[in-house]
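Taking it in order: structure first as structure tokens, then the write-up.
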């Protein structure tokens, strides 16, 4: 039980403001100690034992007991009453007995308690009031020396030393109990906070590990999908495209030989060929595997500019070495999705795509001068309707350990930026090492 008291506050005090707890502890302790010490100190005085200063001490002890029992009072009223009752009698004792150590200890205790209960401003104000009152009491004692009982502070009388020691011990002890409670309370909260932070850190590491695993799974799924799209694109281009080309040549041969052939038939075959080519490029541009990221973007953006009539510019810098395959795919898909959205919705006249190496990262920016939008509400609405193109790109970037942001406002155009690691596997390894630490 004692060990529990030393390490944590009582259960019924756990949710109470600590200032109220300090006031209750001080009043409960004082309600027991002050009446006893008042009886002992007065009993040890020389005759006459009972005078106005003795009455003041008894009244103070009695009022402390009353305030300790008045638990329905508001904290501010209770604390103010306690300080007034505690600080007033010592001034009378100083006037009646001279420089009494016990009275000084009571005043010091009252000022420290004011700091604990109301803060330093109130404590400093009380200190100034006490100092001014002491000067006033001193002036009165000097002008009325007959009212001073010098016998109560006579250093040659051993009983005075006993009384002062008892007063100092009890008053200071009550203060120590109150201050100790504050210290224990703060220590308990610090320990509890450290435990909570430890649990949160462990949970954060667990979540980070789960997020990394989820990101790895997402990357594998994306790569599998890209491989499947590459296979389908190759089949569309190599098989279906070749068959359509052969069909077109045969149709033209028949037309040259004099066979009846409608021009509409050749038009349908041309449309099928173009459609197969477009689907093949959308699924997987062959230049991305054959030449790399920048040439693939150049061809893609040139084709989109010719089709849409929008001026599209590509700027690259610092890409001396090709990024990892995952990063190349993510960059291309990001630009592809962003350009598609601009062509469909932005009503832009100019479009700028920037690709730049920055240390171990590659930065991608797509900026247009279109009509813009409110990113948060628009993306939330797109997700609700099942349109997750740009959201899917964002998750792909995050799965690689990158950062993604959209800046836009109605009438102010849109800027999409992303930062991806050149080597996602190395980035993931570094994050795991940092999480282990």
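FYI, it's all coordinate maths here, none of it is from the lab. The model shown is predicted, which means the values in this text are computed figures rather than measured ones. Cβ sites come from the backbone with ideal geometry, for glycine too, and all protein chains shown count toward neighbours.
What to note about this one:
- The slack in the chain from residue 189 to residue 409, taken as 0.36 nm per residue of separation less the alpha-carbon distance, amounts to 74.6 nm.
- Beta bridges per DSSP with both ends in the range 293-437, % antiparallel, nearest 5: 75
- Taking the C-alpha atoms of the range 321-415, convex hull volume expressed per residue in Å³: 98
- For the range 338-352, the residues whose backbone nitrogen is under 13 Å from a point 7 Å from the Cα of residue 311, taken along Cα to Cβ, are 349-352.
- Counting neighbouring Cβ atoms within 10 Å and putting the fewest first, the residues 188, 300 line up as 188, 300.
- As a proxy for reagent exposure, ranking 181, 345 by other Cβ atoms within 10 Å from fewest up yields 345, 181.
- As a proxy for reagent exposure, 419, 169 were ordered by neighbouring Cβ count within 10 angstrom, fewest first; the result is 169, 419.
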